[in-house]
Amino acid sequence: MLFDLSNQCVLCGRRADTGLCPHCHRELERHCALSGPLCRCALPGPGLDPGALCGRCLDRPPGFAASYCAWAYRFPLDRLLNAYKHRGRLTVERALETLTRAQPLPWPEADLICPLPAHWRRRWWRGFDQAERLAASLGRRWRRPVVPVLTRARATRHQQGQSRATRVRNLRHAFRADARARGRRILLVDDVMTTGASARAA
C-alpha cells in the first residue's frame, strides 16, 4: 500500500503544503529565533557589542570574516535536521526551504557559494550531501553560483558529542581548496554550526 505524504507536516503530520504546518512553524519561531548581537563565530555573547568578538575568538580569531545563523539549533529544528541527516528523510527539505525562503543574502558582495564538503564515504552512506543540497537551494534563491572549491581531503570521525579540542584535532588538514578559491569572496554553507571548528578548518 502506498501513501502520499507530500502534503503533511514533517513534524506533526497535520496538513501542510510547505512541509511545516502553521502551528509547528510558530513553535519553531518561538523556540529558535535568535536575538542579540552575535560574535564572528555565530555564538551569542551576553553584552556583546555588534561586531565584537567573544573571549574565545579574541584568543584565537577565526579565519572567516563573519558568520550568520538563521535559526538556533534547538527544538523543533534539531528534530528536523536529525531526521534529514541521520534518517535520510528528504521530505524535510520542503520545510527547510520554507524556513530559508525569507532569509536575505547576508553578504551581497559574496562571489560564490560553497558547501562544506562531506567525505565521499559519508555521502555514499547517506546517499546525499545535505550541505550540498542546502547550498544549491540557497544559490537559486540568492542568484549566486555554487562552486565546490573545497574538497574533504580525508575522512574524519563524527563531530557530534566531541569536545571542542577533539573537534579541532579531528579536522586538522581535513580540507583542501582548489585554485578557483583564490581571491574570491566565498559564502560557506553548512547545516549546523556548533563550535565553529569545521568552518575554522575550512
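Some observations on this one:
- Summed over the range 184-202, the residues that are open to solvent by 60 Å² or more (accessible area, probe 1.4 Å), farther than 13 Å from A110 by Cβ and either free of Cβ contacts under 8 Å to residues at least 12 places away in the same chain or β-branched (V, I, T) (or both) give a count of 1.
- Of the residues contained in the range 132-146, one or more are found to be touching a residue at least 24 places away in the same chain (Cβ under 8 Å), on the phi < 0 side of the Ramachandran plot and assigned to a loop (DSSP other than H, G, I, E, B).
- Scanning the range 1-19 for residues that are modelled with pLDDT under 80, surrounded by 13 or more Cβ atoms within 10 Å (Cβ to Cβ) and more than 19 Å from the chain's Cα centre (by Cα) yields a single hit, T18.
The values are calculated or read from the model by the stated rules, or taken from the named source; none is laboratory data. Keep in mind that this is a model prediction, so the values were computed, not measured. Don't worry about glycine lacking a Cβ; one is built from the backbone with ideal geometry, like all the others, and counts go over all protein chains shown. Calculation scope for accessible area: heavy atoms of the full protein, side chains included, ligands and nucleic acids excluded. Shrake-Rupley method; radii C 1.70, N 1.55, O 1.52, S 1.80 Å.
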